[in-house]
Amino acid sequence: MKTEASLSKWTILKKSFRKNWDLYLLISPVIAYFIIFHYVPMYGIQIAFKDFIATKGIWDSPWVGVKHFERFFDSYYFWRLIKNTLGIGIYTLAVSFPIPIIIALMLNEVRNSKFKKFVQTVIYAPHFLSTVVVVGMLILFLKPDGLINQTITLFGGTPVDFMTEPGWFKTLYVFSDVWQTMGWSSIIYLAALTAVDHSQHEAAMIDGASRLQRIWHINIPAIMPTIVILFILNAGSVMSVGFEKVFLMQNSLNMSSSDVISTFVYRSGILEAQYSFSAAVGLFNSIINFIMLVMVNYFAKKINKTSLW
């Protein structure tokens, strides 16, 4: 009788499908979604290497090679876009990534269930606000005669027009994002903490370990694989700075620090109808994200033995 190791991959796949057909059926809508909305549209990537002419369509438009990439690399805006996109992405990663971990570790130590639920409700609520509402709140509170400037004036300071100052843009973007997402992002860490064996804490308490020592030596190592996986995913999207929020916060006065690749693609592709050029810029951004994802995954596997693949 042939062993499973000697069977062809196709035979093994068929056996697996027959055995787990219900699981394959359950995941099929997700697979269909990614195929239809993420893989099939990749056919259009080729316009980044063509001079797209709408009347001729994607297939019949003439090939121009890497002309559009060279145009982007040689453009006046190239380094400004890279600096702003990387700056916001790295700033966001450095600030917003550790805060949900800290919140989860703190909430996990709360023993009063009513107080814990109240805190969770308060910090989860901003997640359900739309980006438009969050930016509207920023404009309302930070305008020259807004609450923040009134408070500054009350203490003898000089009002600051935060929304038009280029130096304030990245900080406002990042910390408003932290406020909106920190509670919701902590849920996955709280879920991971529920799997920590309580007997380890009991043994540590018998040995005289303090609460801080138990957090450091038991809780954090227990959720470290989750932390590493999420860090890899976040690092892989560091160049994917959200378009909507940047666009809503952007104005002609803070453009020097708020102009990122996604807003540049919008102006080039939608407003100026330079479809091939904007596709090339977007493809370049995606390639950089992919390279960073592979690199961070490689180093995480070497250092922590945890990785996506």
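The values are calculated or read from the model by the stated rules, or taken from the named source; none is laboratory data. Note that the structure is predicted; figures quoted are calculated from it, not measured. Heads up, the Cβs are rebuilt from the backbone with ideal geometry, glycines too, and the neighbour counts pull from every protein chain shown. Surface accessibility is based on the protein's heavy atoms, side chains included, excluding ligands, DNA and RNA. Shrake-Rupley method; radii C 1.70, N 1.55, O 1.52, S 1.80 Å.
Evaluate Rg over Rh across the stretch 226-280, taking Cα atoms for both radii and Kirkwood's formula for Rh.
Values: Rg = 14.1 Å, Rh = 12.8 Å.
Over the Cα atoms of the stretch 226-280, Rg/Rh equals 1.11.
When Lys and Arg each count +1 and Asp and Glu each count -1, what net charge do the other residues less than 14 Å away from P126, Cβ to Cβ, add up to? Present the calculation step by step, with values, prior to reporting the outcome.
Numbers: positive: K245; negative: D177.
Once all neighbours under 14 Å are counted, the net charge is 0.
Kirkwood-based Rg over Rh for the stretch 119-211 (C-alpha set), two decimals?
With Rh from the inverse mean 1/r over Cα pairs, Rg/Rh is 1.23.
Over all alpha-carbon pairs of the stretch 1-128, lay out the pair-distance distribution in 5 Å bins, whole %, shortest bin first.
Calculated P(r), rounded to whole percents: 2, 7, 7, 7, 8, 9, 11, 11, 12, 12, 8, 4, 2, 0.
Could you tell me what percent of the accessible area of the chain is made up of carbon and sulfur, with a 1.4 Å probe and every protein chain present? Walk me through the intermediate numbers first.
On the way: 13320 of 19260 Å².
Summing carbon and sulfur atoms, their accessible area is 69 percent of the total for the chain.
By average Cβ neighbour count within 10 Å, what is the ranking of 259-266, 126-133, 158-165 from highest down? Kindly include the intermediate steps, with their values, before the conclusion.
Values: 259-266: 21.2, 126-133: 13.0, 158-165: 15.1.
Those peptides, ordered most packed to least, come out 259-266, 158-165, 126-133.
Any chance you could check the Cα centroid distance between the stretch 65-131 and the stretch 13-31 for me, in angstrom?
Between the Cα centres of the stretch 65-131 and the stretch 13-31 lies a distance of 35 Å.
Going by amide H atoms built from the backbone, whose H comes under 5 Å of the H on K50, apart from near neighbours?
When sequence neighbours closer than 5 places are left aside, the close amide H contacts are V64.
Would you calculate the volume per residue, in Å³, of the smallest convex hull containing every Cα atom of the chain?
Details: hull volume 74.7 nm³, N = 309.
Spelled out: Cα convex hull of the chain, divided by residues, is 242 Å³.
Between K19 and I187, what FRET efficiency follows from the Cβ-Cβ distance if R0 is 30 Å, with the result rounded to 0.05?
Values: r = 33 Å, r/R0 = 1.10.
With R0 = 30 Å, the Cβ-Cβ based efficiency is 0.35.
At most 14 other Cβ atoms within 10 Å plus a DSSP loop assignment makes a site exposed; report the longest stretch of the chain without any exposed trypsin sites (Lys or Arg not before Pro). Don't skip to the end; give the middle numbers.
On the way: sites that count: K2, K56, R111, K305.
After excluding every exposed loop site, the longest remaining stretch is 112-304.
Does the stretch 76-147 come out rounded, prolate or oblate, given a ≥ b ≥ c as the square roots of the eigenvalues of its C-alpha gyration tensor, rounded meaning a/c under 1.5 and, failing that, prolate meaning a/b above b/c? Mind showing how you got there, number by number?
Numbers: a/c = 3.31, a/b = 1.57, b/c = 2.11.
Oblate, since a/c reaches 1.5 and b/c is not below a/b.
Sum -39500 (n - 2.57) across every DSSP H segment of at least 4 residues in the chain, then divide by the residue count to get the 222 nm mean residue ellipticity, nearest 500. Working shown, then result.
Working: 18 runs with 202 residues, N = 309.
So the helix-based figure for the chain works out to -20000 deg cm²/dmol.
Run through the stretch 1-97 and list the chymotrypsin sites (Phe, Trp or Tyr not before Pro) located in a DSSP loop whose Cβ has at most 11 other Cβ atoms within 10 Å. All intermediate terms of the calculation are to be shown ahead of the outcome.
Values: sites: W10, F17, W21, Y24, Y33, F34, F37, Y39, Y43, F49, F52, W59, W63, F69, F72, F73, Y76, Y77, F78, W79, Y91; in loops: F52, Y76, Y77.
Passing sites in the stretch 1-97 are Y76.
Would you mind working out the accessible area per residue for the chain, using a 1.4 Å probe, and quoting it in Å²?
Details: 19260 Å² over 309 residues.
Here the residues of the chain average 62 Å² of exposed surface.
Hey, in the GNM for the chain with a 10 angstrom Cα cutoff, which one of N149, N251, N112 fluctuates hardest?
N112
Would you mind telling me which residue in G282, G208, G136 has the biggest mean-square fluctuation in a Gaussian network model of the chain, where springs connect alpha carbons within a distance under 10 angstrom?
G208
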